[in-house]
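Participant: Got a structure for you, written out below as structure tokens; questions coming shortly.
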Amino acid sequence: MSEIFGIPIQAFLGQLMLGLVNGSFYAMLSLGLAVIFGMLNIINFAHGALYMMGALLAWMGLNYLGLGYWQSLLLAPLVVGLFGVAIERIMLQWLYKLDHLYGLLLTFGLALVVEGLFTNAYGVSGQPYSIPEEISGAFNLGFMFLPKYRAWVICASLAVCFCTWFVIEKTRLGAYLRAATENPKLTQAFGINVPLMVMLTYGFGAALAGFAGVLAAPAMQVSPLMGSNLIIVVFAVVVIGGMGSILGSILTGLGLGVIEGLTKVFYPEASATVVFIIMAIVLMLRPAGLFGKEK
Amino acid sequence: MKRQLLPYLLLLALGLVLPFFVYPVLVMKVLCLALFACAFNLLLGYTGLLSFGHAAFFGTAAYVAGHAIKQWGLPTELGLLAGTAAAALLGWAVGSLAIRRTGIYFAMVTLALAQMVYFIFLQAPFTGGEDGLQGVPRGKLLGLVDLSNDLNLYYFVLGIFVFAFWLIYRTINSPFGQILKGIRENEPRAISLGYDVAKYKLLAFVLSATLAGLAGATKMLVFKFATLTDAHWHGSGEVVLMTILGGMGTVFGPLVGSAVIVVLQNELADKVGSLVTVIMGSIFVICVLLFRRGIVGEIAALYRRMLGQKT
């Protein structure tokens, strides 16, 4: 039993793990997009840039300030979140009355600015970021070696996703949030500060992207362009899942990561396109997305 | 009627004499991208659909036309047609999927499908991967006019542009164009009036993709190569920027917008390097926050206000 469908089981499980790791990033990013979309009715094109910012801030923290991985994991999302709050206050808040498309266009422009600035400073090539000592190495599970860092990424992202789900679905704050998503005017009439919540929602979404970026830093190359290609795949994930439910975004993200990983094993040529092909199929069969509601 | 025609004639005259004052290849680049933006404007400005994947059609046509001329040895004009037809076909495929969703989802679907096309080009053998398709001969127009001469090619490109511009103008001002505007303004109402909205949207999408393809094929002919840059999402973003900067839903907006962007890029490229992206992004942000009507739209609004004060 060392092969499965003619593929060595080691390679198979390895790709499965990698798929889960990628899936965790899809899940975190599409979750952030869904939360922001729910409150602001804006598709945040800058999400990939914010993710890249998180990774690069961690790298800068290490190289300029000597901040370790764990400090960065806390600080970088905070900085990215504050950046998000500033963007919301300075720019996005003027667009809520307009067509949703303007939000997409504005955040697209922002993504170009952020990416261009970092590219100008650091070039397009990737910078290495080493895995912290405590979680380098691998577990020997008997049938395979599991790199500790990959296990950590999956666990951390699942924990963050679960916390987000819990706060939104099960707490009082989450209830306010859901009410404000449903009917902002009425919620405000009940004395809840909706603009403040909108601001914090965008800040939280940005921080989530930044957190994903720090998690990604040791797993991938840290480069100013790491966000822009990812965000397009995440858009496809969002279209496939629909932005109706939080659990839906998480499941779709993880599932598509796994499918992508398995495609790498069985038919590597299609691994870059498989998510888009699935999106096309879903659009044909269920246009509103797997977890979406037809409006 | 005559007064309405005046700006068009002035522009045409400008187009005819411009290559004697400005480097023709630069003007041709402006014309190709202006055609691209006009085709895009047909969709965004007049139908209200924001496609974020138009570079796919531009790039596909460039590759197919280049391949047809270089490898199959087709004459220039047939090669351009082949590229345009390929873009139309792709436009039909992408369009029929994308119109199943509206608004923001439409933008995301087109972007994702365009990215898929990009990856296919990255891997397909005939595109030459990262190097692109190089050294495509310009050939002779109808076997007579030598297009390797920049000035000859210029008037050929100008002819293509004028034809396509006229086609777009006719489309906008036809009953079909009126229905498209009706869909943009109020889709449920258009449905309740009995129009098959999906069919109109698809037709507008295919038309826009076809003309975007014509622009891509022509640009390939001007520069004699097709590369992955043509199909990259940066291109899709740029055409949105040109249209918005110039003024979406205006006839001349895309022309003005593309001229500004191409000249700006040309001037800045060697001065600021990779900061060009930052400048493009900033223009995007400023346009969306402050000048949503674009250059032509703002001028038209100003003109109307002045007329209103006089009478």
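One line per residue, one yes/no per condition, for (1) part of a helix (DSSP H, G or I); (2) of a type in the set (S, T, N, Q); (3) modelled with pLDDT of 90 or more:
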site	(1), (2), (3)
A:ALA11	yes, no, no
A:MET17	yes, no, no
A:TYR26	yes, no, yes
A:SER30	yes, yes, yes
A:MET53	yes, no, yes
A:LEU57	yes, no, yes
A:LEU75	yes, no, yes
A:LEU78	yes, no, yes
A:PHE83	yes, no, yes
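Participant: Tally the residues that are among the acidic types (Asp, Glu), within 13 Å of chain B (Cβ to nearest Cβ) and without any contact (Cβ under 8 Å) to a residue 60 or more places away in the chain, restricting the search to the range A:86-139.
Facilitator: Total satisfying the criteria: 1.
Participant: Same structure again: Specify which of the listed residues (B:GLY249, B:GLY194) is of a type in the set (Gly, Ala, Ser), surrounded by 17 or more Cβ atoms within 10 Å (Cβ to Cβ) and not in a helix (DSSP H, G or I).
Facilitator: B:GLY249
Participant: Hey, could you check the range B:44-88 for residues that are part of a helix (DSSP H, G or I) and within 14 Å of another protein chain (Cβ to nearest Cβ) and say which is surrounded by the most Cβ atoms within 10 Å (Cβ to Cβ)?
Facilitator: The extreme case among them is B:ALA56.
Participant: Yes or no: the range A:190-213 includes at least one residue that is farther than 24 Å from A:LEU78 by Cα and either in contact with a strand residue (DSSP E or B) (Cβ under 8 Å, 6 or more places away or on another chain) or part of a helix (DSSP H, G or I) (or both). Full working, then the answer.
Facilitator: Start the filter on the range A:190-213 by keeping residues that are farther than 24 Å from A:LEU78 by Cα, which leaves A:190-192.
Right, trim to either in contact with a strand residue (DSSP E or B) (Cβ under 8 Å, 6 or more places away or on another chain) or part of a helix (DSSP H, G or I) (or both) and you get none.
No, the range A:190-213 has no match at all.
Participant: Let me confirm something: among B:PHE119, B:PHE161, which residue is away from chain A (no Cβ under 14 Å) and not in a loop (DSSP other than H, G, I, E, B)?
Facilitator: On inspection, the qualifying residue turns out to be B:PHE161.
Participant: If you scan the range A:142-186, which residues turn out to be among the acidic types (Asp, Glu) and surrounded by 12 or more Cβ atoms within 10 Å (Cβ to Cβ)?
Facilitator: Within the range A:142-186, just A:GLU169 meets the criteria.
Participant: Another question about this same structure. Among B:VAL239, B:VAL251, which is over 27 Å from B:ALA112 (Cβ atoms) and either aromatic (Phe, Trp, Tyr) or in contact (Cβ under 8 Å) with a residue 40 or more places away in the chain (or both)? Give the steps one after another, and end with the answer.
Facilitator: Details: B:VAL239 fails: over 27 Å from B:ALA112 (Cβ atoms).
Answer to the selection: B:VAL251.
Participant: For residues in the range A:252-269 being in a helix (DSSP H, G or I), more than 9 Å from chain B (Cβ to nearest Cβ) and free of Cβ contacts under 8 Å to residues at least 40 places away in the same chain, which is farthest from A:ALA212 (Cα to Cα)?
Facilitator: A:PRO268
Participant: Mind listing whichever residues of the range A:125-141 are surrounded by 12 or more Cβ atoms within 10 Å (Cβ to Cβ), of a type in the set (S, T, N, Q) and part of a loop (DSSP other than H, G, I, E, B)?
Facilitator: A:SER136 - this is the single residue of the range A:125-141 that is surrounded by 12 or more Cβ atoms within 10 Å (Cβ to Cβ), of a type in the set (S, T, N, Q) and part of a loop (DSSP other than H, G, I, E, B).
Participant: Anything in the range B:217-229 that is crowded, with 24+ Cβ neighbours inside 10 Å and out of contact with any strand residue (DSSP E or B) (no Cβ under 8 Å at 6 or more places or on another chain)? List them, or say none. Walk me through how you get there before you give the answer.
Facilitator: Restricting attention to the range B:217-229, the residues satisfying the condition of being crowded, with 24+ Cβ neighbours inside 10 Å are B:217-221, B:226.
Matches in the range B:217-229: B:ALA217, B:THR218, B:LYS219, B:LEU221.
Participant: Still on this structure: Return the total of residues in the range B:252-275 being surrounded by fewer than 19 Cβ atoms within 10 Å (Cβ to Cβ) and within 22 Å of A:VAL114 (Cβ to Cβ).
Facilitator: Matching residues across the range B:252-275 total 9.
Participant: Which residues, counting only those in the range B:272-290, are in a helix (DSSP H, G or I) and within 7 Å of another protein chain (Cβ to nearest Cβ)?
Facilitator: Passing the criteria: B:LEU275, B:THR277, B:VAL278, B:MET280, B:GLY281, B:SER282, B:PHE284, B:VAL285, B:VAL288, B:LEU289.
The values are calculated or read from the model by the stated rules, or taken from the named source; none is laboratory data. Remember, predicted model here, so these are calculated numbers, not experimental data. Glycine also receives a Cβ, built like all others from the backbone with ideal geometry; neighbour counts cover every protein chain displayed.
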